[in-house]
Amino acid sequence: MMYAVMSVFSGFRAIFALFSAPISNALTPTIFQIFSFSGAFIFNIIVTFTFIVMNNERMSADIRTAKEQFEQIFNLSPDASLITNLPNGKIINFNLGFLNFTGFSREEVENKSLLELNLYEQPADREKLLKAITDN
């Protein structure tokens, strides 16, 4: 649609250039030249903006799909899976496999840290694990 409008506009511009009076001073623009340049400039801005918005929407949809797929894999996995905040060990997300493996209820796990749930035999084990993760 936009290209059709631009084509019609360019056609009028060409017809005007062919049948208008000769230009006496090439450096003095006519009102039609000003409007035609401005129109083309605005049209290109609109097309560019539309292209950016379309790409942004497509990428957002791709990200949303990937996130949904990850959540399904994470939540439906029979293996115990847990996502924690590395510095403080706060549990961000867990799956049903984790609850089945540990015997905790959902309410017992939510908003807790690994240390609060006593998942480490020795609290120093967490520090060793953190050191191993951060060193690699």
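For the range 73-129, the fraction of C-alpha pairs farther apart than 16 angstrom is 42 percent. Take the chain, connect every pair of alpha-carbon atoms lying under 10 Å apart with a spring to form a Gaussian network, then pick out the residue of Thr28, Thr102, Thr65 with the largest mean-square fluctuation. Top of the fluctuation ranking is Thr28. When only Cα pairs below 8 angstrom with a gap of at least 6 residues are kept, the chain shows a relative contact order of 13 percent. In this Cβ point-charge picture (+1 for Lys and Arg, -1 for Asp and Glu), the chain has a dipole of about 760 debye about its Cα centre.
Near the amide H of Asn93, within less than 5 Å, lie the amide hydrogens of Ile83, all on another chain or at least 5 residues away, with H placed in the peptide plane. Taking the longest Cα principal axis of the chain as reference, the axis of helix 31-76 is set at about 20 degrees. Rounded to 0.05, the FRET efficiency of the Leu99 and Arg58 pair, given R0 = 41 Å and the Cβ-Cβ distance, is 0.65.
Note on Glu107/Phe74: beta-carbon distance plugged into 1/(1 + (r/R0)^6) with R0 of 22 Å gives a FRET efficiency of 0.65.
The mean sequence distance of close C-alpha pairs (under 8 Å, at least 6 residues apart), as a share of the length of the range 78-135, puts its relative contact order at 27 percent. Springs between Cα atoms under 10 Å define the GNM used for the chain, and in it the highest mean-square fluctuation of Leu119, Leu96, Leu82 occurs at Leu119.
Can you give me the Rg/Rh ratio for the chain, using Cα atoms for both radii and the Kirkwood formula for Rh? We get a ratio of 1.48 for the chain.
Estimated at 0.36 nm per residue, the fully extended path between Thr30 and Glu116 surpasses their Cα-Cα distance by 23.2 nm.
Readers should treat all values here as calculations from the given coordinates under stated rules, not as data from a laboratory. Note that this is a predicted model, so its numbers are computed, not measured. Glycine also receives a Cβ, built like all others from the backbone with ideal geometry; neighbour counts cover every protein chain displayed.
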